Every structure is written in structure tokens, then in C-alpha cells.
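**Q** Before I ask anything, here is the structure I am working with.
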Amino acid sequence: MATPHTTRPDALTMEVVDLIGSVVARYHEEYEGAAADHALTGAQAKLLSLLSLEPLPMRKLAHKLKCEPSNVTGIVDRLEARGLVERRPDATDRRVKLAAATDEGRRVARSLRESLRFAREPLAGLSEQERLTLRDLLQRMVGAEG
């Protein structure tokens, strides 16, 4: 069993945590706005973005979105009704249904990503080396979770 940390983080660590929180809040705010511009909820946009990368089984989508499979079914139903997603059998296991973005769904997902000024504008002010360093540091932070 892991023991809880009892030491307080230093001021610099707290400042970094606050800045990360601000970045995440700004990202979510802009992402929700971009989703609304496409008449999508944030959850629909996230699911569509995942499916634009690869078809996924419903259970895996639920895991990635950290929600119940029944919620994913409803989201997929609504996206399917708009022609953005389709269900298809898994080629390796016919009992499994995959959700997959249609051509139109991939176009909408690409448009969503391209409309996010938040990431593009501040990052454009960093050199390529600074962006690489930032990416590498964030990857280390994410990798440290496991």
C-alpha cells in the first residue's frame, strides 16, 4: 500500500500546478466552444475525435472516456443519426461491434482540431526546441502516473 505524501509541495511546484490547471481549463473552455460550433456536446466531440484516429469497441471507448458503456451507446447513437459515426462488426470477433468515424465524421473531427486557437497561438511563440522540450517534459509527467 502506498503511503500518502505528508510534505507540502514547494512554491514553484504549486505555481506549476496552478499553471497546468489554467492551461487545462482554457483548453476545455475552447474545446467546448468548438464542439458547440459543430452542434456537438463536449462528450460527442471527444468521442468523435477518438474515432477519427481508429475504430474502437464500445467498451474501450467507455474506458478512454471514463464513463459507463451505456453512456457511450447513447453518444454513438446520436453521432450515428447525424452520419458522423457508424457501427461495424470487428473483423477478428464478429460478436464485437466497433464504432468508426465516417468520412464526414473525420472531416468534422479535423475541423474541430484545426479550430482550437488556444494551442496554436501560444505554442507558436515557442521555438521548435522549446516545443520539443515541453512535449518531452509532459510525456515524462504523464508516464510517471503509471
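The values are calculated or read from the model by the stated rules, or taken from the named source; none is laboratory data. Only a predicted model underlies this, so the values are computations on that prediction, with no experimental measurement involved. These area figures cover heavy atoms from the full protein model, side chains too; ligands, DNA and RNA do not enter into them. Shrake-Rupley method; radii C 1.70, N 1.55, O 1.52, S 1.80 Å.
**Q** Aspartates and glutamates within cross-link reach of K46: Cα-Cα under 17 Å, excluding same-chain residues under 8 positions apart?
**A** E29, E30, E32, D37, E54, E68, D77, E80, E86, D103, E104, E114
**Q** Further, regarding this structure: For every helix of n ≥ 4 consecutive DSSP H residues, a contribution of -39,500 (n - 2.57) applies; sum these over the chain, divide by its total residues, and give [θ] at 222 nm rounded to the nearest 500 deg cm²/dmol. Please report the intermediate quantities before stating the final value.
**A** Values: 7 runs with 96 residues, N = 146.
Here the helix-only value at 222 nm equals -21000 deg cm²/dmol.
**Q** Read phi for every residue in the range 61-77 and hand back ³J(HN,Hα) as whole Hz from Karplus 6.51 cos²θ - 1.76 cosθ + 1.60, θ = phi - 60°, with x for Gly and Pro.
**A** Along the range 61-77, the couplings run 4, 4, 5, 5, 8, 6, 9, 6, x, 5, 5, 4, 4, x, 5, 4, 4 Hz.
**Q** Just the accessible area per residue of the chain, please: how many Å² with a 1.4 Å probe? Show your work: numbers first, answer last.
**A** Details: 10520 Å² over 146 residues.
Spelled out: the 1.4 Å probe surface of the chain, per residue, equals 72 Å².
**Q** Non-local amide H neighbours of L98 (under 5 Å, H modeled in plane, Pro and chain starts lacking H): which ones?
**A** For L98, the qualifying residues are R88, D90.
**Q** Between 0 and 90 degrees, rounded to the nearest ten: what's the tilt of helix 42-53 against the longest Cα principal axis of the chain?
**A** 80
**Q** Now for a separate question. Rounded if a/c is under 1.5, else prolate if a/b is larger than b/c, else oblate: which is the range 1-62, with a ≥ b ≥ c the root eigenvalues of its Cα gyration tensor?
**A** oblate
**Q** Multiplying the sequence separation of L132 and D93 by 0.36 nm and subtracting their Cα-Cα distance, what value in nm do you get?
**A** Length gained, L132 through D93: 10.1 nm.
**Q** As I understand it, the value is the acute angle between the Cα axis of helix 103-114 and the longest principal axis of the Cα atoms of the chain; what does it come to in degrees, rounded to 10?
**A** With both axes taken from Cα atoms, the answer is about 20 degrees.
**Q** Calculate one ³J(HN,Hα) per residue across the range 129-135 by plugging θ = phi - 60° into the Karplus curve 6.51 cos²θ - 1.76 cosθ + 1.60, and present them in order as whole Hz with x for glycine and proline.
**A** 5, 5, 5, 5, 5, 4, 4
**Q** Multiply the residue separation of R78 and E29 by 0.36 nm, subtract the distance between their alpha-carbon atoms, and state the gained length in nm to one decimal.
**A** 15.4 nm
**Q** Separate question: Kindly provide the Kirkwood hydrodynamic radius of the range 1-121 in Å, to one decimal, from all pairs of distinct alpha carbon atoms.
**A** Radius from the Kirkwood sum: 16.3 Å.
**Q** Of the heavy-atom accessible surface of the range 53-116 (probe 1.4 angstrom), what whole percent is carbon and sulfur?
**A** 49
**Q** For V85, list long-range residues whose amide hydrogen, built 1.01 Å from N in the peptide plane, is under 5 Å from its own amide hydrogen.
**A** E80, T102
**Q** Please tell me the relative contact order of the chain in percent, rounded to the nearest whole number, where contacts are Cα pairs under 8 Å and at least six residues apart.
**A** This gives 22 percent for the chain.
**Q** Apply the Karplus curve 6.51 cos²θ - 1.76 cosθ + 1.60, θ = phi - 60°, to the phi angles in the range 86-94 and return the couplings in whole Hz, x for Gly and Pro.
**A** 9, 9, 8, x, 6, 5, 8, 8, 4
**Q** Report, in whole Å, the centroid distance computed from the Cα atoms of the range 58-73 and the range 100-146.
**A** One Cα centre to the other: 23 Å.
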